[in-house]
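Worksheet: one structure, shown below.
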Amino acid sequence: MRVARINHQTGPNDAAGVDLGLLDHLIGKYKGKKGIMIPLLQGTQDLFGYIPREAFEHISAETGLPLSDMYGVATFYAQFRLKPVGKNIIKVCHGTACHVQNAKEITEALEETLKVKDGETTEDRFYTLESVACLGCCSLAPVLMIGDQAYGKLTGNEATKIVKNIRLQASN
């Protein structure tokens, strides 16, 4: 059985013209040292908000780190992103306490309101919606977090009002 290779195609969420020069200071800080992969990936994500394909290639060329190893690490750890995200990341907890308290209703309401699926970013890159395993706020179940602000004991309608209010405040 042959497996078809999926070619990467630049989509609407890919950044055009990533300034790889921003990586030079970061690479200089770690080049030649041991255990540099994760700090380089974290620093790259801090610079761009995600890790662009071009950044992987540049880091590999400059440090000798194999692309396959870097992609392996970046896809294994949930902290790393390979696509641009929204200005505001909405994390909906789906841990046991939140699941029992109907977190699914919150996710579904937000998907409908934002017109995105779980894991996607709105066209204007204002919001990214993602389900997470646990936010550690079980007493507030069901809970969502936007930035460092937690909102608890929610219904789908309340979650929708929160995201609409944040967008409204941003436009003022």
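The values are calculated or read from the model by the stated rules, or taken from the named source; none is laboratory data. Just so it is clear, the model here is predicted, and its values are computed rather than measured. Every residue, glycine as well, gets a Cβ built from its backbone with ideal geometry; the counts of neighbours run over all protein chains shown.
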Subset of region 22-62 [hydroxyl-bearing (S, T, Y) and closer than 22 Å to T121 by Cα]: T44, Y50
Yes/no for G119 being under 15 Å from the mean Cα position of the chain (by Cα) and at positive phi: yes
Touching a helix residue (DSSP H, G or I) at 6+ places or on another chain (Cβ under 8 Å) and at pLDDT below 95, is that true of S131? yes
